[in-house]
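The values are calculated or read from the model by the stated rules, or taken from the named source; none is laboratory data. Please read all numbers here as calculations on a predicted model, not as lab measurements. Because the Cβ atoms are built from the backbone with ideal geometry, glycine has one as well, and the counts that use them run over all protein chains shown.
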Amino acid sequence: MFFSPSARLRGAGPLRGAGRLLTSKEGSSIYSIFRNLAIILISAKFFALLARKCRAPQVVGEIIAGLVIGPCLLNFVQPSDSIAIFAEIGVVLLMFNTGLGTNLQELMRAGPIATLIACVGVAVPLAGGTLLYSLFYGFAAVGSTEFYRALFIGTIMTATSVSITVATLQELGKLKSFLGTTIVSAAVIDDVIGIVVLTCVLGASGGSDTSLVEVLMDTVLFFAAAIVIGLIIHKAMLWLDHRNPHTQRITIVSLAFCFAMAYIAEQYFGIADITGAYIAGIVLCSLEDASYIERRVDISSYTLFSPVFFASIGLKVVLPEMSTTILLFAVLLVLWAVVSKVVGCGLGAKLCRYSNQDALRIGVGMISRGEVALIVANNGIAAGLMKEEFFGPVVLMVIATTILTPVLLKLVYRGKEHDYSDLQESELVNAYEDAAAFDLASQALLEDHENLKQSARKK
């Protein structure tokens with residue numbers, strides 16, 4: 001994410017009797033979250049199972065659930081600050097778990113490669129998005145308001161929502177592979193580059209007071225602080241892990257560190273909270289109890305927070321009325337959103353000597369824009385760089401790329417690789433293996449018996 005939307009609870013007023021006695025207005029606003037969570041969880045699970053029946057990733061079903069129950073269709077649940085908080089916790093935990101499951105050696109190996117892929121993957125959509133707007137509404141002089149509007153459309157196209165890809169790769173069992181590590185690393189670096197590009201465009205157009213130097217300094221300072229804090233926390237956690245292995249306190253302290261890093265990144269350095277959470281996971285990934293922490297955190301994330309996050313993406317979607325020209329622009333924007341990331345990131349991967357199939361997988365893994373593009377678009381509208389009529393095409397682009405990414409990822413991972421995940425347990429095979437093991441044991445006993453007899457005779 002470029003900038004996470006601030007999620008603050010609206011004034012709830014004083015609580016009495018251990019939270020049981022509230023005014024009717026306050027009670028309806030607070031307790032409605034339980035109703036909304038019930039609807040979200042049931043519908044997310046239903047559509048996730050339906051997606052699996054249709055051989056699509058479950059995350060697609062959860063996003064569609066949000067579209068169905070949200071303002072876009074049935075309007076059972078409306079976006080709220082409470083849901084936004086649950087959703088933000090969900091994506092933070094998702095990225096924390098991703099960091100915990102990372103192979104540190106593979107990450108170090110993938111770092112320079114991911115940087116190159118991210119740079120090319122930002123440049124191609126930026127140039128293409130700017131060109132697309134100019135072809136529709138005319139080429140403007142460099143430095144003019146129309147030029148910066150065209151450039152801002154290109155800026156929106158640079159955004160990558162890593163959470164969708166992470167969830168899909170996790171479901172496919174490919175997240176911890178070298179290719180999966182490369183995709184996640186490239187997406188995180190993509191966010192940092194995106195912040196720089198957005199700041200440059202806003203600053204050059206007069207839409208922001210933040211300078212490029214400040215952004216670069218904050219980025220460098222954040223990673224420097226992350227290294228120092230990471231080394232200290234790593235040593236402390238090694239000591240704690242040695243003294244209290246496989247205990248609840250390990251999980252609690254790890255979660256506290258995750259949330260602290262997310263807060264520090266967002267609040268003090270303007271870096272996405274998910275980046276802070278991901279780095280927290282990387283700091284702890286070499287602990288002996290890393291897999292234990294990952295499993296414990298994954299329980300709450302999988303059952304509650306992650307479904308709410310993915311459903312919340314669909315909840316935010318409200319399609320405004322669009323003219324024929326705007327609708328055509330929206331269709332081309334969607335097509336270019338898909339093609340630009342596949343071409344850009346795929347080209348970066350080919351420069352790093354990846355195979356055509358792996359380059360395609362990397363490109364597809366970077367397609368999703370998700371809520372990131374919506375946040376950037378809102379920033380553009382507030383700064384006067386984007387007309388509100390273009391928000392509709394951006395929403396359509398978000399919906400399309402969010403749903404297409406998991407589906408396309410599953411398709412491109414159906415290669416010639418040997419994948420035995422679909423094999424079912426066979427009772428016949430089990431019986432054969434048991435019989436074979438019994439024969440080996442019997443043979444060993446007979447040999448021991450003969451050896452003992454021979455020893456007795458010699459005596």
Original post:
Using beta carbons and a limit of 6 Å, which pairs, at least six apart or on different chains, have the first residue in the range 290-301 and closer than 16 Å to Tyr278 by Cα and in contact (Cβ under 8 Å) with a residue 12 or more places away in the chain and the second one of a type outside the set (Val, Ile, Thr) and not in a helix (DSSP H, G or I)?
Top reply: Glu294/Gly101
**OP:** Considering each residue of the range 338-367, count those that are within 20 Å of the chain's Cα centre (by Cα), farther than 15 Å from Val162 by Cβ and not in a helix (DSSP H, G or I), and give that number.
**Re:** 0
**OP:** Please state which one of Ile83, Ile117 is part of a helix (DSSP H, G or I) and over 25 Å from Gly348 (Cβ atoms).
**Re:** Ile83
Subject >> Filtered residues of the range 191-205 (kept if under 16 Å from the mean Cα position of the chain (by Cα) and either among the hydrophobic types (A, V, I, L, M, F, W, C) or modelled with pLDDT of 85 or more (or both)) >> reply: Val192
**OP:** Return the total of residues in the range 173-207 being within 23 Å of Asn356 (Cα to Cα), of a type in the set (Gly, Ala, Ser) and part of a helix (DSSP H, G or I).
**Re:** 4
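Do we find that Leu216 is hydrophobic (A, V, I, L, M, F, W, C) and more than 22 Å from Thr275 (Cα to Cα) in this structure?
Numbers: hydrophobic (A, V, I, L, M, F, W, C): yes; more than 22 Å from Thr275 (Cα to Cα): no.
Considered against the rule, which asks whether it is hydrophobic (A, V, I, L, M, F, W, C) and more than 22 Å from Thr275 (Cα to Cα), Leu216 comes out as no.
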**OP:** Answer yes if at least one residue in the range 340-349 is out of contact with any Gly (no Cβ under 8 Å at 6 or more places or on another chain) and at negative phi, and no otherwise.
**Re:** yes
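Can you spot a residue in the range 115-128 that is among the β-branched types (Val, Ile, Thr) and over 23 Å from Leu408 (Cβ atoms)? Talk me through it step by step, then tell me what you get.
Filtering the range 115-128 for residues among the β-branched types (Val, Ile, Thr) gives 115, 117, 120, 122, 124.
When the remaining residues are screened for being over 23 Å from Leu408 (Cβ atoms), the result is 115.
Yes, the range 115-128 contains a residue that is among the β-branched types (Val, Ile, Thr) and over 23 Å from Leu408 (Cβ atoms).
In the range 37-85, how many residues are free of Cβ contacts under 8 Å to residues at least 60 places away in the same chain and touching a Pro at 6+ places or on another chain (Cβ under 8 Å)? Can you show your working first?
In the first step, residues of the range 37-85 are kept if they are free of Cβ contacts under 8 Å to residues at least 60 places away in the same chain; the result is 38-39, 42, 46-47, 49-54, 61, 73-76, 80.
Subset that is touching a Pro at 6+ places or on another chain (Cβ under 8 Å): 51.
Count: 1.
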**OP:** For residues that are more than 27 Å from Leu411 (Cα to Cα), charged (D, E, K, R) and modelled with pLDDT of 75 or more, tally how many sit in the range 21-56.
**Re:** 1
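Ile39 - would you say it is buried (at least 24 other Cβ atoms within 10 Å of the Cβ) and over 17 Å from the mean Cα position of the chain (by Cα)? Spell out how you get there, then give the answer.
Working: buried (at least 24 other Cβ atoms within 10 Å of the Cβ): no; over 17 Å from the mean Cα position of the chain (by Cα): yes.
Taking the combined requirement at face value, the residue does not satisfy it.
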Subject >> Wholly enclosed helices (runs of 4 or more DSSP H) of the range 218-334 bearing at least 2 residues more than 26 Å from Ala44 (Cβ to Cβ) >> reply: 248-269, 273-284, 290-300
Original post:
Residues of the range 304-338 being among the hydroxyl-bearing types (Ser, Thr, Tyr) and surrounded by fewer than 20 Cβ atoms within 10 Å (Cβ to Cβ), which ones?
Top reply: Ser323, Thr324, Thr325
Original post:
When residues of the range 61-77 are filtered for being closer than 10 Å to Lys316 by Cβ and part of a loop (DSSP other than H, G, I, E, B), how many remain?
Top reply: 3
Original post:
Are there any helices (runs of 4 or more DSSP H) wholly within the range 368-459 with 2 or more residues that are modelled with pLDDT of 55 or more and surrounded by fewer than 16 Cβ atoms within 10 Å (Cβ to Cβ), and if so which?
Top reply: 370-383, 427-458
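Given Ile274, Ile279, Ile264, which one is closer than 27 Å to Pro79 by Cα, of a type in the set (A, V, I, L, M), crowded, with 18+ Cβ neighbours inside 10 Å and within 15 Å of the chain's Cα centre (by Cα)?
Details: Ile279 fails: closer than 27 Å to Pro79 by Cα; Ile264 fails: within 15 Å of the chain's Cα centre (by Cα).
Going through Ile274, Ile279, Ile264 in turn, just one is closer than 27 Å to Pro79 by Cα, of a type in the set (A, V, I, L, M), crowded, with 18+ Cβ neighbours inside 10 Å and within 15 Å of the chain's Cα centre (by Cα): Ile274.
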Subject >> Pair list, Cβ < 6 Å and 6+ apart or interchain, from the range 152-169 residues that are under 22 Å from Phe310 (Cβ atoms) and outside any helix (DSSP H, G or I) to residues that are modelled with pLDDT of 90 or more and aliphatic (A, V, I, L, M) >> reply: Thr160/Met366
**OP:** Quick one: Leu135 ticks every box in (1) closer than 29 Å to Gly363 by Cβ; (2) within 24 Å of the chain's Cα centre (by Cα); (3) without any contact (Cβ under 8 Å) to a residue 40 or more places away in the chain except a single one, so which number is it?
**Re:** (2)
Original post:
In this structure, does Glu88 turn out to be touching a residue at least 12 places away in the same chain (Cβ under 8 Å) and among the charged types (D, E, K, R)?
Top reply: yes
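Within the range 154-171, is even one residue surrounded by fewer than 21 Cβ atoms within 10 Å (Cβ to Cβ), out of contact with any strand residue (DSSP E or B) (no Cβ under 8 Å at 6 or more places or on another chain) and within 22 Å of Ile399 (Cα to Cα)?
yes
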